[in-house]
Amino acid sequence: MTISALPRLCIRLYLVLVGSDACAQSSAIDCDAVKKATVPFELSYHFSNGRRALLQSYRDQSGDGVIWNREESEQRIRVQKTTYIGGDSSEMLAWTTLPVESPVVVKATTEGLPKNFDHRSNVEFKVKSTTTYADGTSAERISINSYAFKSEDQITVGSCVFSVVRGELEYAPYPKTDKPPVHIVQLHFPELKLTVSGYGGEPVIDDLKTSFTPIPPIP
């Protein structure tokens, strides 16, 4: 994805690692540019259990492009690269500091989720995924997902004000098992075409930047 508003001078090493031809260099936050997806941006946030996260978006106005995530906890560091086509996630590549889990490739399709879903209504949908592990083995999974809209208001992040839609998602394996469903709290930012999720509690948004170091994969 090419983002013409960015300077041409980019560090080649980061371009190889990130897999993008964009290098974010900006001295001030242009909120309108962020909302119009003409510049990449980095969102930092944390959770009540101490887990911290970075999200870097390289998506365009159509919702296509790449999002990188990095989450840190006492147990591990996890990096994830998600590719979006037609506004929907098509492939995810993940690395962690736990060798048995890294890397993995996940390809997923959804059934019953409206295209460009705005998170302002309740919906149930199915997700089919194929996960390929580092040793070449793979596993197919199906989950049933129930999303519930909770509220909509505004949130101030740094010098920018964004609309935020709050909702909750539960998902469980299909066919059903004895395990309880997984509960996720979601913050959806319509202007950013972005959803931030948290297990068991709402993510706390810390900062927004358009000048940042791209997240590299874990070696």
So, first residue touching a residue at least 40 places away in the same chain (Cβ under 8 Å) in the range 123-146, second residue in a strand (DSSP E or B) and among the small types (Gly, Ala, Ser), Cβ within less than 9 Å, six or more apart or across chains; the pairs are 126/143; 127/108; 127/143
Only residues in the range 30-51 that are free of Cβ contacts under 8 Å to residues at least 24 places away in the same chain count as the first member; pair them with residues that are in a loop (DSSP other than H, G, I, E, B) and not β-branched (Val, Ile, Thr), Cβ under 7 angstrom, at least 6 apart or cross-chain, and list the lot. 51/73
Filter the range 189-216 down to residues that are more than 16 Å from residue 53 (Cβ to Cβ) and modelled with pLDDT of 90 or more and give me whichever is surrounded by the most Cβ atoms within 10 Å (Cβ to Cβ). 210
Which of the following residues is surrounded by fewer than 18 Cβ atoms within 10 Å (Cβ to Cβ), part of a loop (DSSP other than H, G, I, E, B) and at pLDDT below 85: 24, 28? 28
Looking at the range 172-198 only, could you name the residues that are in a strand (DSSP E or B) and either farther than 23 Å from residue 83 by Cβ or free of Cβ contacts under 8 Å to residues at least 12 places away in the same chain (or both)? 172, 173, 182, 183, 185
Run residue 144 past the list (1) over 19 Å from the mean Cα position of the chain (by Cα); (2) surrounded by 14 or more Cβ atoms within 10 Å (Cβ to Cβ); (3) at pLDDT below 90 and report the number of the one that doesn't hold. (3)
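Residue by residue, here is whether (1) modelled with pLDDT of 95 or more; (2) surrounded by 16 or more Cβ atoms within 10 Å (Cβ to Cβ); (3) closer than 23 Å to residue 218 by Cα holds:
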| site | (1), (2), (3) |
| --- | --- |
| 65 | no, yes, yes |
| 91 | no, no, yes |
| 96 | no, yes, yes |
| 105 | no, no, yes |
| 120 | yes, no, no |
| 136 | no, no, yes |
Just to verify a result, which residue in the range 122-134, among those that are surrounded by fewer than 16 Cβ atoms within 10 Å (Cβ to Cβ), within 19 Å of the chain's Cα centre (by Cα) and not basic (Lys, Arg), is nearest to residue 219 (Cα to Cα)? 130
Would you say residue 159 is touching a Cys at 6+ places or on another chain (Cβ under 9 Å) and either surrounded by fewer than 16 Cβ atoms within 10 Å (Cβ to Cβ) or β-branched (Val, Ile, Thr) (or both)? yes
Inspect the range 129-136 for any residue being in a strand (DSSP E or B) and either over 23 Å from residue 78 (Cα atoms) or in contact with a Leu (Cβ under 7 Å, 6 or more places away or on another chain) (or both) and give the result as yes or no. no
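The values are calculated or read from the model by the stated rules, or taken from the named source; none is laboratory data. Nothing here was measured: the structure is a model prediction, and the numbers come from that model. Methodologically, a virtual Cβ is constructed for each residue, glycine included, from the backbone with ideal geometry; neighbour enumeration extends over all protein chains shown.
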